[in-house]
Amino acid sequence: MARLVDAGQLKTTLNTRLGPIDAATLKRAHALVETGSSIGKVVVEGWE
């Protein structure tokens with residue numbers, strides 16, 4: 001799968017990356033999902 005994504009043959013649904021993983025970022029991610037208008041995946045990544 002990773003090779004196909006890297007080759008551009010598959011597209012991911014990832015749209016938003018947020019970080020680092022902390023309370024404020026989790027609140028922001030939750031708010032985005034709650035709107036119901038977010039398209040694609042919201043990913044929270046990165047530890048401090």
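Bear in mind that the values in this text are calculations on the coordinates, not laboratory data. What you see is a predicted model; the values in this text were computed from it and never measured. Note that each Cβ is placed from the backbone with ideal geometry, even for glycine, and that neighbours are counted across all protein chains shown.
Values for this structure:
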item	result
Long-range HN-HN contacts of V44 with modeled amide H, under 5 Å	L18
Net dipole in debye of the chain [+1 Lys, Arg Cβ; -1 Asp, Glu Cβ; about Cα centre; nearest 20]	180 debye
Which of A24, T35, Q9, positive extreme of dipole for the chain (C-beta unit charges)	Q9
Kirkwood-Stokes translational diffusion coefficient of the chain, alpha-carbon pairs, 25 °C, 0.890 mPa s, µm²/s	205 µm²/s
Relative contact order computed over the chain (Cα-Cα under 8 Å; 6+ residues apart), in percent	45 percent
